[in-house]
1. How many of the residues in the range 52-79 are part of a helix (DSSP H, G or I), closer than 20 Å to residue 22 by Cα and either in contact (Cβ under 8 Å) with a residue 60 or more places away in the chain or in contact with a helix residue (DSSP H, G or I) (Cβ under 9 Å, 6 or more places away or on another chain) (or both)?
2. Give the range 18-51 a look and list any residue that's over 17 Å from residue 83 (Cα atoms) and free of Cβ contacts under 8 Å to residues at least 24 places away in the same chain, or say none.
């Protein structure tokens, strides 16, 4: 059988400090055609402000365009990453919950603009 349809990775993270576009190129090289880019913040310094979330989400959207420029189809998932917030409860206390809700609200705003 010769498959003619898309080859999709439904949970793909990229990191500018990691393999970034090389990871996408490897996926494409082995036959991948489309990916779902799942937002992943910088775990060394996750966003703690609304502006920080906005910048982080904007970077994920920019990464998606860079991957599209390689010829891959890209869909984007924005939203809070549970692992980032789990660690922030220790350092931010009650502010962690507000930070979480800020990230969700901003996600909703950015998603409706896309």
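1. From the range 52-79, those part of a helix (DSSP H, G or I) are 52-68; that's our starting set.
Remaining after also requiring closer than 20 Å to residue 22 by Cα: 59-68.
Narrowing further to those that are either in contact (Cβ under 8 Å) with a residue 60 or more places away in the chain or in contact with a helix residue (DSSP H, G or I) (Cβ under 9 Å, 6 or more places away or on another chain) (or both): 61, 63, 66-67.
Total satisfying the criteria: 4.
2. Answer for the range 18-51, where residues must be over 17 Å from residue 83 (Cα atoms) and free of Cβ contacts under 8 Å to residues at least 24 places away in the same chain: 18, 19, 22, 23, 26, 29, 30, 51.
Let's see how each residue does on (1) modelled with pLDDT of 95 or more; (2) assigned to a loop (DSSP other than H, G, I, E, B); (3) crowded, with 18+ Cβ neighbours inside 10 Å:
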{"residue": "2", "(1), (2), (3)": "no, yes, no"}
{"residue": "22", "(1), (2), (3)": "yes, no, no"}
{"residue": "26", "(1), (2), (3)": "yes, no, no"}
{"residue": "31", "(1), (2), (3)": "yes, yes, no"}
{"residue": "41", "(1), (2), (3)": "no, yes, yes"}
{"residue": "83", "(1), (2), (3)": "no, no, no"}
{"residue": "87", "(1), (2), (3)": "no, no, no"}
{"residue": "101", "(1), (2), (3)": "no, no, no"}
{"residue": "109", "(1), (2), (3)": "no, no, no"}
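The values are calculated or read from the model by the stated rules, or taken from the named source; none is laboratory data. Since this is a predicted model, take the numbers as computed values, not measurements. With ideal geometry, Cβ positions are generated from the backbone for all residues, glycine too; neighbour counts draw on all protein chains shown.
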